[in-house]
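The values are calculated or read from the model by the stated rules, or taken from the named source; none is laboratory data. Since we're looking at a predicted model, the values are computed, not measured. Because the Cβ atoms are built from the backbone with ideal geometry, glycine has one as well, and the counts that use them run over all protein chains shown. Side chains included, ligands, DNA and RNA excluded: accessible areas come from the protein's heavy atoms. Shrake-Rupley method; radii C 1.70, N 1.55, O 1.52, S 1.80 Å.
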Amino acid sequence: MLSRGIRGAVKIAAIAVLAWGAIGGRASAESVLRVAMTAADIPDYTGAPDQGYEGYRFAGYTLYDALGLWDLSSSTKAADVVPGLATSWAIDPNNNKRWIYKLRQGVTYHDGCAWNADSAIWNFARVMDPKAPQFNARHVGQMGTYVVNIASVDKIDDYTIAINTKAPSSLFPYEMAMYYMISNCGVQKAGNDYNVYMKTPAGTGPYKFDKVVPHERLELVKNDKYWNPQRIPKHDRLVLLPMPEASTRAAALLSGQVDFVEAPSPDTIPRLKDAGMKIITVPYPHNWDYMLRMDVPPFNDIRVRQAANYAMNRQDMVDMLQGVAVAATQTLIDSQPWYGKPVSYDYNPDKAKALLKEAGCTPCVIKVGISTSGSGQMQPLPMNELVKEQLEAVGFNVQLAPMDWNALIGVFLTGAKKYDFNAINFSMAPIDPVQGILKKWMTAYAPPACCNWGFFADPKVDQLGNEALGEFDATKRNALLTKMNEQAVADAAELYIVHDLNPRALSPKLSGFVQAQSWFQDLTPIVVSP
Amino acid sequence: MWLYAGRRIVLTIPILLGVTIICFALVQIAPGDPIQNLLSPTATAQDAARLRAAYGLDQPLMVQYFIWLGKVCVGNLGMSISDNVPVAGEVLHAFVNTIVIALISVVLAFVVSMIFGVIAAYRTGSLADRLITAVAVFGISVPPFWLGVILVIFFAVDLSWLPATGMGASGSETFSYFRWADFKFAIMPIIALALPPLGIMTRTTRSSIAEILNQDFIQTLRAKGLSEAQVIVHAVVNIMPQAVAMLGLQLGYLIGGSVLVETVFTWPGTGYLLNKAVLTRDIPLLQGTILVLATAFVLINLVVDLAQSLIDPRLKRS
């Protein structure tokens, strides 16, 4: 009797739920893509995203465009720069420090403001000219690095600008693919007050700003007038939710609260797969490595650097990570055009021991700065413990010095000489030859100028870099950059460990997503089924 | 009474001043820099220095502290470095989200613990007593964040009864505790927060009631012919000052100690805000949040002291 009553109640409840679902389905025809980000907060969405490249991925290329854009349409080749708000660019045949950019016509910002040469020049002044009313010190922090080579910008006509660089800079178009253009009308209407502007920010991107709940969610809607019809979103609304806890993201996906999860932790992947979620992994330029300090012992000796590389059993690391990484024997991934055919430091503990003995570094004591978590740092604690174990097996004596992510960024920015670390575990994004080769290995980019943290110095590398910057023929330039990369690997300029495969977990109701070999992703092709 | 309250309020000022100094010093001792979160991955040290100067972080520490303190005295907690919005608004919004679930949790824990404590004390050594003691020990021992994760796995993932994370389907700005579709987001955070105080208060109530029930005046009450229910009411009234003190203390702990639970459930309260401020080294936000939490803690203790003196006038006289 009782069980019959319970069954009846369950049936009534089920009918009610189905009816509610049907009513809800009819009432809401809007298709919504809900994304759980790893970020601890909503990235800046005014045109200078913070929170690392995740900010660029979700609050940058969604709302805004740059002169060039990353081609994110393929998962089988590394992403490269293609025309965006500029339809073409070329170096002035009479002046190798002057780039001519042809701007795309007929484009308007989300607020109706026209995109043209005046708007482009206004946008450069926003970061380059402290006296301009639209100057934004916060935007300088994020965007300043991309305009550091610009001397001035001239208007040639309404849809053509000339950008004068301080020195010949053949790789300049890569920098222009990271510099977002925001609505000059919007900022002017806000009285050049960015706190007012952020209530209705406007770019030219495939999504338009709709609303934000601080710290909780950013909601964007489809820009159905986007200039590239191929990239008009195939869903109506994009909801971005910060969820720094990996277990919370997995639970949110499993319970149906979100549809798309960034970086599920390896131990949750079997459970997500069992529940029918799609796990997508693709190689992309994200190397998890040790930057080495090379102006002092022991890593000033190439034999010690090579020994460390030969000590790495990278397959062990991949197995520990349940296959969400691949072995790395250099900074770049093999689909990048500058990969070349460098030496490969395959696991060889005997050779590592012999090299350390030859270098007279026994035991070879090193101190390594590591973070306990952080953007792109993968699973830093167990991974560093494994690296330590493998290094110590060949004669190193490793002291790991853990700190939080913010502190490690400080160590990176100020350079090796101000600390007593022999190495730091600091993953980088070698997305282009500027970030992946030039800024890592040229002495001109040693701190405080930029990112050659360990003061690597090889005159051959510097010479190749300078030749590449002055070479405007793409084939010849790529050959120079490839040689440069090969030389840096021959010098064992880093301790190469793994490349991240960037796992993502998607609800089975999503289709159409192509995971590009890039830090940035195009969400526009995603179809959300009911 | 008013003199007592006034004296207590005046005494809170040096306490809060001490809190600001300790908080400021601790934040400065910790390595890291709020500016780093505002920089691109390939920014230079010069970019960092320029931005640091723009936020006044290149000033000597004493100068930075007194500038901040001066603003606090006129109700301005400064601007958040990472969000570029007033800290006061940020903290107030988060504080409301925290105080409501903390209050619900502590009241729930108080009511249940009184019932459990009385049953356990009245039936000392019985199966009910042992079961209640087991629940109380579990509540005291279990880390709330672990409990939060277990609740999520069970109720959100396996049973799909409750949402795993967040505050309402559209965020906290439209959240209502009186709408089931929203309130269900609060259930698991409330349970995770309520269990530790439930354990502590149950154990305290049990031992206090058991002690009272062994006193002579209880025997007198029974001899006068009072029912057992009336006897228990007398016993409960006798432990009230102690129970109220415990309730206030637990509420204070919940407000200040909800960081892990709010992070697990992505509940946008002061704990979540504090965690974010620590990770981004957002010094004004960190200082503002701690100051508000410390003020709340001190005020709750003040209210509890005053309530205790109302319930038990002997305290006021002492």
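Per-structure values
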{"quantity": "Condition check for B:Arg206: surrounded by fewer than 23 Cβ atoms within 10 Å (Cβ to Cβ), among the basic types (Lys, Arg) and in the same structural domain as B:Asn97 (by TED's automatic domain parsing)", "calculated": "no"}
{"quantity": "Enumeration of residues in the stretch A:362-412 that are touching a Ser or Thr at 6+ places or on another chain (Cβ under 8 Å), away from chain B (no Cβ under 14 Å) and open to solvent by 10 Å² or more (accessible area, probe 1.4 Å)", "calculated": "A:Met378, A:Gln379, A:Leu381, A:Gly395"}
{"quantity": "Options B:Ile191, B:Ile187, B:Ile200; residue that is within 17 Å of B:Ala245 (Cβ to Cβ), assigned by TED's automatic domain parsing to the domain that holds B:Tyr253 and of a type in the set (A, V, I, L, M, F, W, C)", "calculated": "B:Ile200"}
{"quantity": "Scan of the stretch A:230-248 for residues that are more than 8 Å from chain B (Cβ to nearest Cβ) and open to solvent by less than 10 Å² (accessible area, probe 1.4 Å), ordered by number", "calculated": "A:Pro233, A:His235, A:Leu238, A:Val239, A:Leu240"}
{"quantity": "Count of residues meeting criterion [part of a loop (DSSP other than H, G, I, E, B), away from chain A (no Cβ under 14 Å) and over 26 Å from B:Gly257 (Cβ atoms)] in the stretch B:76-130", "calculated": "5"}
{"quantity": "Filtered residue count, the stretch A:439-468, keeping only those that are part of a helix (DSSP H, G or I) and either farther than 21 Å from A:Val411 by Cα or over 17 Å from the mean Cα position of the chain (by Cα) (or both)", "calculated": "14"}
{"quantity": "Single residue of A:Ile279, A:Ile302 found to be aliphatic (A, V, I, L, M), open to solvent by 50 Å² or more (accessible area, probe 1.4 Å) and either more than 14 Å from every other protein chain (Cβ to nearest Cβ) or under 23 Å from A:Met383 (Cα atoms) (or both)", "calculated": "A:Ile302"}
{"quantity": "Checking B:Leu69 against (1) within 12 Å of another protein chain (Cβ to nearest Cβ); (2) at pLDDT below 90, the condition it does not meet", "calculated": "(1)"}
{"quantity": "Restricting the stretch A:200-214 to residues that are open to solvent by 50 Å² or more (accessible area, probe 1.4 Å) and away from chain B (no Cβ under 11 Å), the residue that is farthest from A:Ala114 (Cα to Cα)", "calculated": "A:Asp210"}
{"quantity": "Tally, over the stretch A:306-323, of residues that are open to solvent by 10 Å² or more (accessible area, probe 1.4 Å) and not in a helix (DSSP H, G or I)", "calculated": "3"}
{"quantity": "Scan of the stretch B:261-282 for residues that are more than 10 Å from chain A (Cβ to nearest Cβ) and open to solvent by 10 Å² or more (accessible area, probe 1.4 Å), ordered by number", "calculated": "B:Leu274"}
{"quantity": "Matching residues, the stretch A:428-467, being under 22 Å from A:Ile302 (Cα atoms), surrounded by fewer than 23 Cβ atoms within 10 Å (Cβ to Cβ) and polar (S, T, N, Q)", "calculated": "A:Thr443, A:Gln463"}
{"quantity": "Qualifying position, being open to solvent by less than 10 Å² (accessible area, probe 1.4 Å), assigned to a helix (DSSP H, G or I), away from chain A (no Cβ under 14 Å) and touching a Gly at 6+ places or on another chain (Cβ under 8 Å), among B:Gly288, B:Gly248, B:Gly252", "calculated": "B:Gly288"}
{"quantity": "Hits in the stretch A:201-247 - residues which are free of Cβ contacts under 8 Å to residues at least 60 places away in the same chain and among the polar types (S, T, N, Q)", "calculated": "A:Asn228, A:Gln230, A:Ser247"}
{"quantity": "Residue check, A:Lys155 out of contact with any helix residue (DSSP H, G or I) (no Cβ under 9 Å at 6 or more places or on another chain) and open to solvent by 30 Å² or more (accessible area, probe 1.4 Å)", "calculated": "no"}
{"quantity": "Total residues in the stretch B:149-187, condition at pLDDT 90 or above, closer than 24 Å to A:Arg237 by Cβ, at the interface with chain A (Cβ under 9 Å from one of its Cβ atoms) and not in a loop (DSSP other than H, G, I, E, B)", "calculated": "1"}
{"quantity": "Failed criterion for A:Glu471 (all others in (1) over 22 Å from A:Gly68 (Cα atoms); (2) in a loop (DSSP other than H, G, I, E, B); (3) more than 14 Å from every other protein chain (Cβ to nearest Cβ) hold)", "calculated": "(1)"}
{"quantity": "Pair list, Cβ < 8 Å and 6+ apart or interchain, from the stretch B:1-30 residues that are more than 29 Å from B:Leu310 (Cα to Cα) to residues that are of a type in the set (A, V, I, L, M, F, W, C) and in a loop (DSSP other than H, G, I, E, B)", "calculated": "none"}
{"quantity": "Options B:Ala54, B:Ala25, B:Ala5; residue that is over 30 Å from B:Ile191 (Cα atoms), within 9 Å of chain A (Cβ to nearest Cβ) and not aromatic (Phe, Trp, Tyr)", "calculated": "B:Ala54"}
{"quantity": "Residues located in the stretch A:62-80, provided they are open to solvent by less than 30 Å² (accessible area, probe 1.4 Å) and either of a type in the set (Asp, Glu) or within 28 Å of A:Phe209 (Cα to Cα) (or both)", "calculated": "A:Thr62, A:Leu63, A:Tyr64, A:Asp65, A:Ala66, A:Leu67, A:Gly68, A:Leu69, A:Trp70, A:Leu72, A:Ser74, A:Ala79"}
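Residue by residue, here is whether (1) crowded, with 17+ Cβ neighbours inside 10 Å; (2) of a type outside the set (A, V, I, L, M) holds:
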residue	(1), (2)
A:Leu103	yes, no
A:Ala117	yes, no
A:Val140	yes, no
A:Ala151	no, no
A:Ser170	yes, yes
A:Tyr179	yes, yes
A:Ile182	yes, no
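This table checks each residue for (1) in a loop (DSSP other than H, G, I, E, B); (2) closer than 29 Å to A:Val213 by Cα.
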| residue | (1), (2) |
| --- | --- |
| A:Trp227 | yes, yes |
| A:Leu241 | no, yes |
| A:Arg249 | no, yes |
| A:Gly276 | yes, no |
